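First up is the structure itself, then whatever we jot down about it.
Read-outs throughout are calculated quantities, based only on the coordinates presented, and are distinct from any laboratory measurement. Keep in mind that what you see is a predicted model, and the values were worked out from it rather than measured. Using ideal geometry, Cβ is built from the backbone for each residue, glycine included, and neighbour counts are taken over all protein chains shown.
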Amino acid sequence: MSDCCFEFHVAPLQGYTHQPFRTLTNLLAPSAIKWTEMEKVADLQPMVAASLRKRLEGSEDDGNNLVLQLGSNNAKDLGQCAGIAAELYPNLHEINLNCGCPSISSGGATGYGASLMKDPDLTAGLVASMRSSTNG
């Protein structure tokens, strides 16, 4: 057995990785890193803080093992949302930008998710906005 450390992640799955599922996962694998469903930044506006509280209700049970995944193609709105999330939930394991979801309904046809791989400059701007808003 090596001394190597690894993390077990419960991947974000739209319609599944909501709070009741993460509660179950906490019982089965308390140290697992749990991911939220991709939260579309546009859906969280205009009241980002209230929307995040509603979507992450009960997330204190996740401790510091929760990854908030965001989807957006607007650097200003994404940065604002990431900053608010970092302030409201300082124990988040990380805040992640979704650059891989191929689902059309989850952003594949709207300029975010997997479609960000086609625009590295936009993606770089989005990441920079998140970093500057979260002191990351």
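Here are the numbers:
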| quantity | calculated |
| --- | --- |
| With at most 14 neighbouring Cβ atoms within 10 Å, loop GluC sites (Glu not before Pro) (DSSP) excluded, longest segment of the chain | 58-136 |
| Cβ-derived FRET efficiency at R0 30 Å, residue 132 paired with residue 23, nearest 0.05 | 0.35 |
| Per-residue [θ]222 nm for the chain (sum of -39500 (n - 2.57) over DSSP H runs n ≥ 4, rounded to 500) | -11000 deg cm²/dmol |
| Computed magnitude of the charge dipole of the chain (debye, nearest 20; Cβ of K, R +1, Cβ of D, E -1) | 280 |
| With at most 16 other Cβ atoms within 10 Å, longest stretch of the chain clear of loop chymotrypsin sites (Phe, Trp or Tyr not before Pro) (DSSP) | 17-136 |
| Candidates 38, 47, 117, ranked by Gaussian network fluctuation over the chain, Cα under 10 Å, top entry | 47 |
| Structure-derived log10 I(q)/I(0) by the Debye sum over Cα atoms at q = 0.11, 0.19 Å⁻¹: which label, when the choices are (1) -0.53, -1.22; (2) -0.39, -1.10; (3) -0.73, -1.10 | (2) |
| Dipole axis of the chain (+1 Lys, Arg; -1 Asp, Glu on Cβ), positive-most option in 15, 68, 134 | 15 |
